Amino acid sequence: MEVRAAQRQANIQLPYVKRAGGVPLRDALSRRASNRNFDRSALDLQTIADLLWAGFGVNRLDDGGRTAPSARNWREIEIYVALADAAYRYDPLLNRLDFVVDGDIRALTGVQDFVGEPPLNLIYVADYAKMEGTSEAQRDVFAAADAACIAQNVYLFCAAEGLATVVRALIDRS
């Protein structure tokens, strides 16, 4: 199932995540690479659900633990998903995409020419309000490290699934 226009301006309940299967970790590590040659075809909801879960989904229901570590368990990183028709915030606890804005904002997610081409862009945003008891400089470091762990999980998922991915830091921060 692809995200269709009728689903815009509404939250999207993602399908149950496929937690088993895939390629062995060492195979995924061997295939892991940055790749800017994107297939422009829309991703189905199952692939989106699995990708987001791999990145920072809940893998331990007893304590809400995540697939990527988070400094001091702040879980300050929010993942926004820019699709061709709208942008959403990933809610890992409910396994849901919460509607944020209508329209295609993919080209606004970076300054390189290719940023509007992928069928999906992930935007990692740190909520510093969740990072109590530390300086702003330390928040920058912790948030960057946490986002990097999430990005590496996304890279490994994409390597295992034969999807192109690349981390980008060249953005218009304003």
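The values are calculated or read from the model by the stated rules, or taken from the named source; none is laboratory data. Treat the numbers as computed from the prediction; the structure is a model and nothing was measured. All Cβ positions, glycine included, derive from the backbone under ideal geometry; neighbour counts span all protein chains shown. What goes into the accessible areas is simple: the full protein's heavy atoms, side chains included, and nothing from ligands, DNA or RNA. Shrake-Rupley method; radii C 1.70, N 1.55, O 1.52, S 1.80 Å.
The table below lists the values:
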item: Cα extents of the range 129-174 along the three principal axes, largest first (Å); result: 41, 23, 14
item: Packing-based order for 94-102, 52-60, using average beta carbon neighbours within 10 Å, highest first; result: 52-60, 94-102
item: Added length on full extension, which subtracts the Cα-Cα distance from 0.36 nm per residue, residue 94 to residue 130; result: 11.0 nm
item: Probe 1.4 Å - accessible area at residue 27, Å² to nearest ten; result: 70
item: Span per principal axis, largest first, for the Cα atoms of the range 24-111 (Å); result: 37, 34, 26
item: Whole-number accessible area per residue in Å² for the range 1-158, which is evaluated in the context of all protein chains at 1.4 Å; result: 55
item: Cβ-placed point charges (K, R +1; D, E -1), dipole of the range 39-174 about Cα centre in debye, nearest 20; result: 280
item: Along each principal axis, Cα extent of the range 58-154, largest first, Å; result: 37, 32, 23
item: Unit Cα scatterers, Debye sum, the range 11-66: log10 I(q)/I(0) for q = 0.18, 0.20, 0.29 Å⁻¹; result: -0.84, -1.00, -1.23
item: Positive-pole candidate from 162, 108, 12, dipole of the chain, charges at beta carbon; result: 162
item: Viscosity 1.567 mPa s, temperature 4 °C, Stokes-Einstein D of the chain from Kirkwood C-alpha radius, µm²/s; result: 77
item: Rounded percent of accessible protein surface that carbon and sulfur make up, the chain, 1.4 Å probe; result: 50
